[in-house]
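One structure below.
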Amino acid sequence: MILFKRLLSVTTPIAAMLLMGNIDSAHAQSNMAQGAKADGSSKASGSSYGKVVDGNNGSYWQPKGSSGERISVKGLSGSSNRVVVRELNNATNRWRLVDHKSKKVLASGSGLGSSKSISYSSVNAQKISLYIDSASRAPQIAEIEVYGGGGGGGGDNSGSSGSSDDDDDDDGGNSGSGNIPTPSGIGSSCKSSKGTVTFSETKKINGTFDGGCKTYRISGGDCSQKEGQKAIFRVESGTLKNVIVGPTGDGIHIWGDSKIENVYWPNVCEDALTIKKPAKVTITNITGYDASDKFFQANAKADVVVRRAYISGAGKVLRENGGKCYPVKWRIEDSEIRNVKEAIFRSDCNKSEFSIKNVKTSGVSQVCYSKGKYKSCKVE
Ligand SMILES: [Ca+2]
């Protein structure tokens, strides 16, 4: 009865009530999300992320779009095995519940509704994300409650061990939140998905492909760090524009000179974009979130200019393949970069050049990093 002793020591009144048998265990559990923080992909005017953890079933978070959106509860401590989602307007058609850090999908399904109880194998996740993959209209999520097997409990407010985080409990509107690009003209305008297209094979682009701000996915892929996943798009030459890159597979592969315009990655999987063959590339007006490691990967000689990008969350924004020297020349202008763990640029090549100009950063540990060397790293 170790568990019982622990219960007694942590929450004596609840344990006592359990003993008396007058409440069931589900109600005895405390909601770990109470007092936690929240963030997400976007929020409609008048809405805020913190509304999903305020304990009020009438107040809600609503994103700007109807799909490709995310709401997360973070600062959780202890393991959890069940979430209750309370949706007010029955809009969600397809969702996933994800351990944000490991990107493991805890559960997925169709439809939420006023009280959806979602059970999963116990996990020690500090941040749990609900992805709205499709919905008939912008969903209204009133509450996300998190329940667990152990730890947690009442009176625990030690949660915010994180760095300068991007939570947003109150609508500041300016620099407070990590999810809406602050400077106008930066980022992708495809924030609201116009539908979902799933390819069975990688879509090859020669010429211009205008994605109409739909979400594109590839079947068979998942969103793990597994190498060798299929790309959704393979741009051989020409222009890829107005696309939302869905959370499957390995994003966009570049096989030749090309332009990437107005692309949105709500949740980067393995990499957002990989240079596979020597190429000159111009990338403009992109938005990307939550690359667990690299955002851009260069596996070939590359001459790349990135303009008006908004990138939040990455280990590295650009990685030239380890130990290789293609070289790469990479420049980022007029952009905003947030929450980068290691460095914006990492290379082991003494011929590679990197520069940034007019780039606003926050939560970025360093601009360039190399165990070996690079030719230049300029901040203008
Ligand atoms: Ca609420």
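Of Cys213, Cys190, the sequence from fewest to most neighbouring Cβ atoms within 10 angstrom is Cys213, Cys190. Modelled spin labels at Lys378 and Lys194, positioned 7 Å past Cα toward Cβ, are 3.9 nm from each other.
Hey, with R₀ at 45 Å, roughly what FRET efficiency would Ser59 and Gln366 work out to, going by the Cβ-Cβ distance, to 0.05?
Working: r = 40 Å, r/R0 = 0.89.
Once the sixth-power term is evaluated, E becomes 0.70.
Between Ser102 and Ser237, the modelled label-to-label distance comes to 4.6 nm, taking each label 7 Å out from Cα in the direction of the beta carbon.
Residue pairs exceeding 28 angstrom between C-alpha atoms, taken from Lys101/Lys191; Lys204/Lys375; Lys194/Lys301; Lys194/Lys360: Lys204/Lys375; Lys194/Lys301; Lys194/Lys360. Full extension of the segment from Asp257 to Glu333, taken as 0.36 nm per residue of separation minus the current Cα-Cα distance, would add 25.4 nm.
When each of the peptides 334-346, 95-107, 198-210 is scored by how many other beta carbons lie within 10 Å of its residues on average, the order from highest to lowest is 334-346, 95-107, 198-210. The distance from the alpha carbon centre of segment 29-58 to that of segment 209-269 is 31 Å, rounded to a whole number. Among Trp265, Trp255, the ranking by other beta carbons within 10 Å of each residue's beta carbon, starting with the fewest, stands as Trp255, Trp265. The Asn350 and Asp293 beta-carbon pair, evaluated with R₀ = 25 Å, returns a calculated FRET efficiency of approximately 0.60.
Each Cα pair of segment 221-380 feeds into the Kirkwood radius, which the Stokes-Einstein equation turns, at 4 °C and 1.567 mPa s, into a diffusion coefficient of 86 µm²/s. Past 23 Å, Cα to Cα, is the threshold; run Lys37/Lys341; Lys104/Lys127; Lys259/Lys329; Lys103/Lys373; Lys127/Lys276 against it and keep the listed order. Beyond 23 Å: Lys103/Lys373; Lys127/Lys276. Footprinting exposure proxy ranking of Lys324, Lys241, Lys373, fewest other C-beta atoms within 10 angstrom first, gives Lys373, Lys324, Lys241. Modelled spin labels at Ser114 and Asn90, positioned 7 Å past Cα toward Cβ, are 1.0 nm from each other.
Since every read-out is calculated from the coordinates, none of them should be taken as a lab result. In this text the structure is predicted, and so the values were computed from the model without any measurement. Because the Cβ atoms are built from the backbone with ideal geometry, glycine has one as well, and the counts that use them run over all protein chains shown.
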